[in-house]
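Single-structure report; data block below.
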There are 2 protein chains.
Amino acid sequence: MKRISCIAVLVLICSFSQSNVYGQDGQPDSLRLYSDVAKNIIETALSEGQAYDMLVELARDIGPRLSGSTEAAAAVEWGRQTMLDYDLDNVHLQEIMVPRWVRGPVEQAEVINSPTVGTKSLAVCALGGSVGTSELGVVGQVIEVKNFEEVKALGPKAKGKLIFYNRPMGPRRVNTFAAYGGAVNQRSRGAIEAAKVGAVAALVRSMTTRLDRVPHTGAMHYAKNVAKIPAAAISTVDANFLSDLLKRDESVRVRLRLSCQTLPDVPSANVIGEITGSELPEEIIVLGGHLDSWDKGHGAHDDGAGCVQSIEALRLIKSLGLQPKRSIRAVLFMNEENGQRGGKAYAQYADQNGSKHIAAIESDRGGFTPRGFTVKAENESFANIERLAHLFDPMAASRIIRGYGGVDIDPLNKRFGIPVLGLLVDSHRYFDYHHSANDTIDKVNERELELGAAAIAIMAYVLAMEGV
Amino acid sequence: MKRISCIAVLVLICSFSQSNVYGQDGQPDSLRLYSDVAKNIIETALSEGQAYDMLVELARDIGPRLSGSTEAAAAVEWGRQTMLDYDLDNVHLQEIMVPRWVRGPVEQAEVINSPTVGTKSLAVCALGGSVGTSELGVVGQVIEVKNFEEVKALGPKAKGKLIFYNRPMGPRRVNTFAAYGGAVNQRSRGAIEAAKVGAVAALVRSMTTRLDRVPHTGAMHYAKNVAKIPAAAISTVDANFLSDLLKRDESVRVRLRLSCQTLPDVPSANVIGEITGSELPEEIIVLGGHLDSWDKGHGAHDDGAGCVQSIEALRLIKSLGLQPKRSIRAVLFMNEENGQRGGKAYAQYADQNGSKHIAAIESDRGGFTPRGFTVKAENESFANIERLAHLFDPMAASRIIRGYGGVDIDPLNKRFGIPVLGLLVDSHRYFDYHHSANDTIDKVNERELELGAAAIAIMAYVLAMEGV
């Protein structure tokens, strides 16, 4: 902490005596008083929180909101209106252009003319950004691989084939995000590597730790000077089926039909609102989630949760009469899933009007029980943030560890070198739902969601009082 | 730890050098080696665990298994056979007599002849142990109360009335078990206190933090020389409805019909199996859950989870080739829900054949993400157990705090003074399901359940090696 100040907490704690700088427990009074504030925020969030009610509106009533869609536009207006309803300051939109990819009605894959199973449908969905196929689809023999080295080794044998990426998320990892990180290059770059050796399509095992029949979409990319081939996710149950079939019959052929396409960019916006700081209004702590979602489920955990928690954190601070010295700003970022245009544009905009961002917090790991924060920061800032861990003890969320902040706020770290924090949550269920039809409001526990908002509110408030 | 021994872990870690008692990181080698064992148990549980598959059999296929029911008998046989299939030692039953309460087909409540709503059905279910009503039911005016003081204050006004207990579980508590503890006396003793002032029935707000239309059952009691009046749980949505109605119309009358009854005791059993210790087989660490469940859901979280985790912990230890010095015994206790006969009988039986129990661990808080252990123990034992916290760091479950062990193992603590430990888990969702039709297998996340088994296996194994 650069400075220790008790002014705002004095408003709260009437019995505070300035002559008694250290309490009986030897803890500096400011931190002890923040403990009272933290406890108050937690209890208020659990008993009167409104994050869940907001999420019902955003995820259930508006539904999926892929960048450029009608629903994404409705979500922007919902965010703006909700911030106005809660009487936030300086509510406005930052307009940006976003990509517009549409799935279309057709996504089918089937094993054809197999001697063992005949013709059999596979549960697939187009990966976001994929080109479509002709109406007849692409047909080819399937080659199963586990990684890009195996693809390269195929050489000319891959020509005209469908490359089937089937490396599972590592089941031995406690942290499912680490397991995701170890598998997701198949989805993001699989089509590129397959096209380089002449393949006509890529099928990618869904990124989930579960065995189910639900395909999980997500972003894929193309590269300059490499053919754009269609790419689809296949459910884990169907991936296992296909793999077993290939063990019996190497000549298995699959037909893939996709009607997806990329349309011209369209206008959209980040949604911004804040509590203006009482003493240093130009210094800003950003709280954020992303407003867009994939089109399969309702984007409840990914990332309706982060959006409503960001707004709710401000609402909690206001409703308790807390007056942060620095400004705390909620940003609902657009287009995290397939372009990150919102996050990148916000970093360009962040130092306008003499603003100085000092930290940012993102919630984009689902609305599960908070466990702490991952922090990307220089050593001194990290140490300052780590000192606050005890404030989260009452909710058993005091793990402050080094790690990633978030996709939307990382550009702020890159541009200004400021600390970026990611809300750390219990991660076991996230990839059951992620990017799939399973990501719906009924998968969100109200208490877990509200506690996450409380964790963000506490961190934001103390950083706004103390700096970092 | 009374003694530090590396013999068994030597079997595992072939490269171990006894001359090198302290490793490069300055940690005693035994604890460092246990860290490797713990990591191995965690990774094996996540990738090859069988707790979830067992729970499908117990909770989904057998289903609800209230003491004395056909399903409870099937669960006993399932437990015995499963332990035999996993080649556990000394698999046997401890026969006990259990109460036999049956719900019967009728449980209805309705507001009758209200000027505002007419006749309206309320979602209720009999509390476990309640007497039934006549076929016509009991009818009376409803008086809402929040606590026993209010009941006592009613005095003669309560005569012939239905007492409606409507104190919610405290929403401000982070720990839902604490909130439950603050409300559950309404369920367990509500009928007694209501009968003392002449009431004819008790209606109790369901013990859940959610608002839904599902009533949650649970045990209730009668007292000597106090009339036995029927008692039912009412869903939280209906409790709020009834409370609102009473604000408009104090004369609201409700009819309650219950067909439940208590039959004579029937024989049942605890199911026991173990890994016999290699050096001190007579010293025993007990792992347990309870095999019986309420009859509304499938007893998946309460407490199929604890049963399958207890068996799975032994299976993990065996499958990794670990050879504990002391015996580790799984006990599937019968009749936790409405009598605790299994736990009490086991404590009576525990020192037979020269056995000496040294610790017990129970899992009865649902199959959620493990966070650590609550420990009821003398200071020295607590300190020894607390020293093991770091072993649970890889699964972020290193909270070793003072607290309750469990209903079934508490008699072991009372009789022998031994430490009893309860698996501490993330508690936010538990009371969404507890004792209700919601407690089904689909509410259990496989990874969370398996990790709980891993936590128990690690704690049991190290206690079996080191004593406590």
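Taking the C-alpha atoms of region B:169-230, how large are the radius of gyration and the largest Cα-Cα span, Dmax, in Å?
When restricted to the Cα atoms of region B:169-230, Rg and Dmax are 13.0, 39 Å.
Shortest first and in nm with one decimal, please list how far the B:Glu279 label point sits from its counterparts in the other copies (point 7 Å along Cα→Cβ).
In ascending order, 6.1 nm.
Counting only DSSP beta bridges with both residues in region B:104-259, tell me the antiparallel percent, nearest 5.
Taking every DSSP beta bridge with both residues in region B:104-259, the antiparallel ones total about 55 percent.
Figure the gain on full extension for B:Lys228 and B:Lys414 (residue separation times 0.36 nm, minus the Cα-Cα span) and round it to one decimal in nm.
Stretched fully, the B:Lys228-B:Lys414 segment lengthens by 63.9 nm.
Enter the mean number of other protein chain beta carbons within 10 Å of the beta carbon of each residue in B:427-433, as an integer.
Taking all residues of B:427-433 together, the mean is 3.
Taking every DSSP beta bridge that has both residues in the protein assembly as shown, what percent is antiparallel when rounded to the nearest 5?
Antiparallel bridges: around 55 percent, rounded to the nearest 5.
Averaged over peptide A:368-374, how many Cβ atoms belonging to another chain are found within 10 Å of each residue's Cβ?
2
What helices in chain B pass both tests, a Cα length along the helix axis of 24 Å or more and a mean Kyte hydropathy of 1.6 or higher, using whole DSSP H runs?
Qualifying helices: none.
Averaged over peptide B:446-456, how many Cβ atoms belonging to another chain are found within 10 Å of each residue's Cβ?
2
Where the centroid of each part is defined by its Cα atoms, how far is region B:36-94 from region A:95-174 in Å?
Each part's Cα centre sits 39 Å from the other's.
Only counting other Cβ atoms within 10 Å, I'd like B:Ser243, B:Ser427, B:Ser293 sorted with the fewest neighbours first.
Starting with the residue having the fewest Cβ neighbours, the order is B:Ser243, B:Ser427, B:Ser293.
How large, in Å, is region B:104-259 by the Kirkwood hydrodynamic radius built from its alpha-carbon pairs?
So the Kirkwood estimate lands at 15.2 Å.
Roughly what would the spin-label model give for B:Glu279 and B:Asn379, points 7 Å off Cα along C-beta, in nm?
2.9 nm
Enumerate the aspartates and glutamates that A:Lys159 could reach by cross-link, defined here as Cα to Cα under 15 Å, with residues fewer than 8 away along the same chain left out.
A:Glu144, A:Glu150, A:Glu193
Once the mean 1/r over all distinct Cα pairs of region A:285-325 is inverted, what Kirkwood radius in angstroms do you read off?
11.3 Å
Do any of B:Lys120/B:Lys296; A:Lys356/A:Lys443; B:Lys228/B:Lys296; A:Lys152/A:Lys224; B:Lys39/B:Lys414; B:Lys296/B:Lys376 go past 28 Å between their Cα atoms, and which?
A:Lys356/A:Lys443; B:Lys39/B:Lys414; B:Lys296/B:Lys376
Run through region A:239-292 and list the GluC sites (Glu not before Pro) located in a DSSP loop whose Cβ has at most 16 other Cβ atoms within 10 Å.
A:Glu250, A:Glu279
Over all distinct alpha-carbon pairs, what is the Kirkwood Rh of region A:347-468 in angstrom?
For region A:347-468, the Kirkwood estimate is 15.1 Å.
Roughly how big is region A:62-145's charge dipole about its Cα centre, with Cβ charges of +1 (Lys, Arg) and -1 (Asp, Glu), in debye to the nearest 20?
320 debye
Which percent, to the nearest 5, of DSSP beta bridges fully inside chain A are antiparallel?
Beta bridges within chain A, antiparallel portion: roughly 55 percent.
For region A:209-306, just run the numbers: alpha carbon Rg, then divide by 2.2 N^0.38 Å, N being how many residues it has.
Dividing the Cα radius of gyration by 2.2 N^0.38 Å gives 1.70.
For a label point 7 Å from the Cα of B:Asp249 along Cα→C-beta, name the residues of region B:88-116 whose backbone N is under 19 Å from it.
B:109-116
To one decimal in nm, how far is B:Pro105 from the same spot in the other copies, if labels go 7 Å from Cα toward Cβ? Please give the shortest first.
Between copies, matching label points for B:Pro105 lie 5.0 nm apart.
Order these by the 10 Å Cβ neighbour count, fewest first: B:Glu362, B:Glu378, B:Glu144.
Exposure proxy ranking, most exposed first: B:Glu378, B:Glu144, B:Glu362.
Starting from the Cα coordinates of chain B, work out the convex hull volume and express it per residue in Å³.
Convex hull volume per residue, Cα atoms: 139 Å³.
Which residue, B:Leu127, B:Ala158, B:Pro168, has the largest displacement toward the positive end of the dipole of region B:113-175 when charges sit on each Cβ (Lys, Arg +1; Asp, Glu -1)?
B:Pro168
Take the Cα atoms of region A:56-181, find their three principal axes, and give me the spread along each one in whole Å, biggest first.
65, 40, 27
When the dipole is taken about the Cα centre of region B:104-259, and only Lys, Arg (+1) and Asp, Glu (-1) are charged at their Cβ, what size is it in debye, to the nearest 20?
Roughly 360 debye, rounded to the nearest 20.
Summing Lys, Arg as +1 and Asp, Glu as -1, what charge do residues with Cβ under 11 Å from the Cβ of A:Ile400 carry, A:Ile400 excluded?
+3
Once the convex hull of the C-alpha atoms of region A:409-468 is built, how many Å³ does it hold per residue, rounded to a whole number?
Dividing the Cα hull volume of region A:409-468 by its residue count gives 108 Å³.
So what is the diffusion coefficient of the protein assembly as shown in µm² per second by Stokes-Einstein at 20 °C and 1.002 mPa s, using a Kirkwood Rh over Cα pairs?
Result for D is 71 µm²/s.
Once each part is reduced to its C-alpha centroid, what is the distance from region A:280-317 to region A:191-213 in angstrom?
So the separation of the two Cα centres works out to 31 Å.
Could you identify the residue of A sitting closest to the A-B rotation axis by Cβ and state that distance rounded to whole angstrom?
Residue with the nearest Cβ, plus whole-Å distance, for chain A: A:Asp426, 3.
Would you kindly compute the Cα radius of gyration of region B:243-370 and its largest Cα-Cα separation (Dmax), both in Å?
Rg and Dmax of region B:243-370, Cα atoms, are 20.6, 72 Å.
Read-outs throughout are calculated quantities, based only on the coordinates presented, and are distinct from any laboratory measurement. Just so you know, these numbers come straight off a predicted model, no measurement behind them. Reconstructed Cβ throughout: ideal geometry from the backbone, glycine too, with neighbour counts over all protein chains shown.
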